[in-house]
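Remarks on the structure that follows.
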Amino acid sequence: MFKSLFKRKAEIIKNTDPDRIYVENIRSFFNLPYGVAKKLCDMAVRQNFFYKKYGLYCKNDDCKRIISVYDNIEDIPNQIECFICQANEKEKYSFDKNELEIVEFYQLIER
Ligand SMILES: [Zn+2]
């Protein structure tokens, strides 16, 4: 039920990347309260329809790119570098884990 539901919905929402599904996407699409949408996402993870991912975004205002993505929060190293900012010779390209916002998102598991 989950598979067809989410797959169809993901296809319907053209601008939803199946590799980058945010709770907010689910919330707005199904018009659910945030907490319910999050529970639905976590349920989809337990039933192997979604992977849960943790993304870190660069703090530099002119970058804001996703620096790296982890499967587990414990896998996030203490120091994270943005290679794009490093390549652009930005003053700051290395960040402490605590400086960065961790954004949770989900990926649709293709089967
Ligand atoms: Zn950057």
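The numbers here are math on the coordinates, done by the rules we state, and not lab data. Being a predicted model, the structure only gives us computed values, none of them experimental. Neighbour counts are summed over all protein chains in view; Cβ atoms, including those assigned to glycine, are modelled from backbone coordinates with ideal geometry.
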May I ask you to derive the relative contact order of region 2-108, considering only C-alpha pairs under 8 Å and at least 6 residues apart, and to give it as an integer percent?
-> 30
For the chain, the dipole about the Cα centre with charges only on Cβ (Lys and Arg +1, Asp and Glu -1), to the nearest 20 debye, works out at 780
Determine the alpha carbon to alpha carbon distance for each of K59/K97; K3/K38; K64/K92; K38/K92 and list only those over 23 Å.
-> K38/K92
Name every cysteine in the chain that ends up alone, with no second cysteine's Cβ under 4.7 Å, or say none.
-> C41
Add -39500 (n - 2.57) for each DSSP H run of 4 or more in the chain, then divide by its residues: what number comes out at 222 nm, to the nearest 500 deg cm²/dmol?
-> -9500 deg cm²/dmol
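Please go through region 44-111 and write out the GluC sites (Glu not before Pro) that DSSP classes as loop and that have at most 15 other C-beta atoms within 10 Å.
Those that pass, being in a loop and sparsely packed, are E89, E91, E101, E110.
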Karplus ³J(HN,Hα) for region 77-91 (6.51 cos²θ - 1.76 cosθ + 1.60, θ = phi - 60°; Hz, whole; x = Gly/Pro) runs x, 6, 10, 10, 10, 9, 6, 5, 5, 5, 5, 7, 6, 5, 4
Can you list the aspartates and glutamates whose alpha carbon sits under 14 Å from that of K39, skipping same-chain ones fewer than 8 residues off?
-> E24, E104
Once the mean of 1/r over all distinct C-alpha pairs in the chain is inverted, the Kirkwood radius in Å reads 15.3
Taking the Cα centre of region 2-108 as the origin and placing charges on Cβ (Lys, Arg +1; Asp, Glu -1), which of I21, N88, I102 is farthest toward the positive end of the dipole?
-> I21
Pick from D17, D71, D61: which is most flexible by mean-square fluctuation in a GNM of the chain where alpha carbon atoms under 10 Å apart are linked?
-> D61
Spelling it out for Y22: with amide H atoms placed in the peptide plane at 1.01 Å from N, the residues 5 or more places away or on another chain with amide H under 5 Å from its amide H are Y106
So between E81 and N98, what do we pick up on full extension, going 0.36 nm a residue minus the alpha carbon distance?
-> 4.8 nm
Region 45-50 - phi-based ³J(HN,Hα) in whole Hz, Karplus 6.51/-1.76/1.60, Gly and Pro as x | 5, 4, 8, 6, 9, 10
